[in-house]
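**Student:** Can you keep this structure in mind? I'll have questions shortly.
The values are calculated or read from the model by the stated rules, or taken from the named source; none is laboratory data. All figures in this text were calculated on a predicted structure; none of them were measured in a lab. As a convention, Cβ positions derive from the backbone with ideal geometry for all residues, glycine included, and neighbour counts pool all protein chains shown. All accessible areas refer to the heavy atoms of the entire protein, side chains included, with ligands and DNA or RNA removed. Shrake-Rupley method; radii C 1.70, N 1.55, O 1.52, S 1.80 Å.
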Amino acid sequence: MRLDKYIASLPNGMTRSQLKAGVSEILLNGARAKLSAKVAAGDRIDIEWEDNVPDDIAPEAIPLDIIYEDENVTVVNKAQGMVTHPACGNWTGTLVNALLYHWGREAIPQASGISVSQMLAQRRPGIVHRLDKDTSGIIITAKNRDAEAWLQAQFKERRLGKTYIAIVTGTPPHARGEIRTQIIRDPKDRRRFKAVSDTEGGKTALTDYRLVATYGPYSLLALTLKTGRTHQIRVHLKHLGCPILGDPLYGRKTAGTPFAGASLMLHAYRLTVRLPGDHAYTTFKTKTPVRFRKVMRVLHRTYPKALPHRGEER
């Protein structure tokens, strides 16, 4: 039968009108599906919906580490633990809430008669790219629609540079390399994604990495994104056999190591972009986060530092 009809038939199931009004994503056996999809015995159905949506998104006086600002953009060094924009489970305390206050804007009211996806799009003013909650680093935001369109075009066409640093467990096979896979949502755990071969569907993902140094069983990497998939670096480094230290979804357990309880060691430290109206590119950088410096001090004390040899590239 139809998926929506099946769900409505369940004890305490959601009605079709509730589904249409609140569902933001449906996965049928790990793949995106519509309410009209046909289901059969043994199918796995995952539904994400927006519940208790607030009446508005309010400005909040949250301190921001602002790297640069002009009449068109605000460049922020996002703190680890801050969600980029409001969504289910995170309606307050986000970067958007902080920017609304910083820009002196009014609260964003909930519009009626629109879908959840349309409503969420309206609640992301100025957001042209995002970082995971536990990834810190540079985000550029737009203060007006013209600047937003200008920046969105660069992200869409990949005419900019985004570089990250990561401390990982293990050592990559080469000093430099390219990780090219498809990325799909993990059918066994919808919170995660996984890298698969070209024959398994998904979206193409490309990450370049460079080995900076190794410290015993750990490595410091610099990474450049060529595509922008959700969790891309985290998934690719796990695929490479070098999961990021402190990654709760894709990493290895840290109990019994010098870094028990470490948080995600991933930071967006450099962004090269053309600012609205400029012909030349501008590069923004951040300082190394405190959590990175603490881990690096332990690595320097505990293990000998090894630099990559020339010629170890692919």
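**Student:** Do you know which residues across region 15-40 are over 30 Å from the mean Cα position of the chain (by Cα) and modelled with pLDDT under 85?
**Tutor:** Within region 15-40, Thr15, Arg16, Ser17 qualify.
**Student:** Can I ask one more? Just for region 261-281: of the residues that are open to solvent by less than 70 Å² (accessible area, probe 1.4 Å) and free of Cβ contacts under 8 Å to residues at least 12 places away in the same chain, which one is farthest from Thr224 (Cα to Cα)?
**Tutor:** Only one residue fits best here, namely Asp278.
**Student:** Looking at region 291-305 only, could you name the residues that are touching a residue at least 12 places away in the same chain (Cβ under 8 Å) and either surrounded by fewer than 11 Cβ atoms within 10 Å (Cβ to Cβ) or outside any loop (DSSP other than H, G, I, E, B) (or both)?
**Tutor:** Result: Arg291, Phe292, Val295, Met296, Val298, Leu299, His300, Thr302, Pro304, Lys305.
**Student:** Can you name the condition, by its number, that Thr288 falls short on among (1) modelled with pLDDT of 95 or more; (2) within 26 Å of Ala79 (Cβ to Cβ)?
**Tutor:** Unmet condition: (1).
**Student:** Same structure, new question: Mind counting the residues in region 100-123 that are at pLDDT 60 or above and on the phi > 0 side of the Ramachandran plot?
**Tutor:** Summing the residues that are at pLDDT 60 or above and on the phi > 0 side of the Ramachandran plot in region 100-123 gives 1.
**Student:** I would also like to ask the following. Given the condition at pLDDT 85 or above, surrounded by 15 or more Cβ atoms within 10 Å (Cβ to Cβ) and either of a type in the set (Gly, Ala, Ser) or not in a helix (DSSP H, G or I) (or both), answer yes or no: does some residue in region 88-99 qualify?
**Tutor:** There is at least one residue in region 88-99 that is at pLDDT 85 or above, surrounded by 15 or more Cβ atoms within 10 Å (Cβ to Cβ) and either of a type in the set (Gly, Ala, Ser) or not in a helix (DSSP H, G or I) (or both).
**Student:** For Gly126, indicate whether it is of a type in the set (Gly, Ala, Ser), at pLDDT 95 or above, within 23 Å of Ala98 (Cα to Cα) and under 20 Å from the mean Cα position of the chain (by Cα).
**Tutor:** no
**Student:** Another question, if that's okay. Quick check on my filter: what residues within region 221-260 are closer than 19 Å to Leu160 by Cβ and open to solvent by 30 Å² or more (accessible area, probe 1.4 Å)?
**Tutor:** Thr224, Lys226, Gly228, Arg229, Thr230
**Student:** Residue check: is Thr74 modelled with pLDDT of 85 or more, in contact with an Asp or Glu (Cβ under 9 Å, 6 or more places away or on another chain) and assigned to a strand (DSSP E or B)?
**Tutor:** No: the conditions fail for Thr74.
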